[in-house]
Amino acid sequence: DTEVTQTPKHLVMGMTNKKSLKCEQHMGHRAMYWYKQKAKKPPELMFVYSYEKLSINESVPSRFSPECPNSSLLNLHLHALQPEDSALYLCASSQERGEGRTDTQYFGPGTRLTVL
Amino acid sequence: GQNIDQPTEMTATEGAIVQINCTYQTSGFNGLFWYQQHAGEAPTFLSYNVLDGLEEKGRFSSFLSRSKGYSYLLLKELQMKDSASYLCAVRGGRGGSYIPTFGRGTSLIVHP
């Protein structure tokens, strides 16, 4: 099973709303990632969690707040977003550090976010 | 940092063969990935190379030359469903970080 699930699939929110994106994997992976992807652009890394601890924050604005409640779940809390934050938000997971294929990232289907 | 370059767009005919190139510059190279991404969907893993040479998997093959900082993805017997963006991702830098950096992607259009 190489499935990463994300909810919701689509989200429309106003600039004053608070919402959360959710990601789940049951592959026993200990690294989980949030990416932001604009149309016709590559995924941009936002956050990395390793063993449920935040290990990388790519200078993401504080209106995005990640949370890793346990090794299978990853949330992204959204507050006071701007229209330019509209994008596809991708979650991925991988085995923690190692060589070879064990480090391949598996992506969820993404949440299409529109900020009005 | 890392510098990854791949063509923006390519077109090919159904049944043909197409080669998508990727060149990169990085320190501490630790692997190169190819992903396929259909519009509005998640990237799906295609291949991984860390040693020089060719890796074959069905209709898809990937090649790596570490000394040249060069990889290609070869797609044979093209099908219409192969129309997608193909992302080259390189792992390296940051002291050999395990997190790959994605190139801009190559949009492949397969026509009848």
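Worth a mention:
- Once divided by 2.2 N^0.38 Å, the Cα radius of gyration of the protein assembly as shown becomes 1.02.
- Largest to smallest in accessible area, the residues B:Ser65, A:Ser55, B:Ser83 fall in the order A:Ser55, B:Ser83, B:Ser65 (1.4 Å probe, all protein chains included).
- Using a probe of 1.4 angstrom and keeping all protein chains present, the accessible surface of chain A works out to 49 square angstrom per residue.
- Solvent-accessible surface (1.4 angstrom probe) belonging to B:Phe45, in square angstrom, nearest 10: 50
- The slack in the chain from B:Gln19 to B:Ile109, taken as 0.36 nm per residue of separation less the alpha-carbon distance, amounts to 31.1 nm.
- When the surface is traced with a 1.4 Å probe over the full set of protein chains, A:Glu3 keeps roughly 110 Å² accessible.
- Per-residue HN-Hα couplings for region B:102-112 [Karplus 6.51, -1.76, 1.60; θ = phi - 60°; Hz; x = Gly/Pro]: 8, x, 6, x, 10, 7, 9, 10, 9, 10, x
- Candidate aspartates and glutamates - alpha carbon under 17 Å from B:Lys57, same-chain residues fewer than 8 apart omitted: B:Glu77, B:Asp82
- Within-11-Å neighbourhood charge of A:Val115 [Cβ basis; K, R +1; D, E -1]: 0
- Heavy atoms of A:Lys22 accessible to a 1.4 Å probe, total area in Å² rounded to 10: 100
- Largest GNM mean-square fluctuation among B:Tyr72, B:Tyr35, B:Tyr98, using chain B with Cα springs under 10 Å: B:Tyr98.
- Cysteines without a disulfide-compatible neighbour (Cβ-Cβ under 4.7 Å), the protein assembly as shown: A:Cys68
- Surface composition of the protein assembly as shown: carbon and sulfur make up 50 percent of the accessible area, probe 1.4 Å.
- Cα pair distances in region A:13-116, grouped into 5 Å bins until the bin that holds the longest one, percent each: 2, 13, 24, 25, 19, 11, 4, 2, 0
- Relative contact order (%) - criterion: Cα under 8 Å, at least six apart; region: chain B: 38
The values are calculated or read from the model by the stated rules, or taken from the named source; none is laboratory data. As the structure is a prediction and not an experimental result, all values here were calculated from the model. Here Cβ is always computed from backbone atoms with ideal geometry, including for glycine, and neighbour counts include all displayed protein chains. These accessible areas exclude ligands, DNA and RNA; they are computed on the full protein's heavy atoms, side chains included. Shrake-Rupley method; radii C 1.70, N 1.55, O 1.52, S 1.80 Å.
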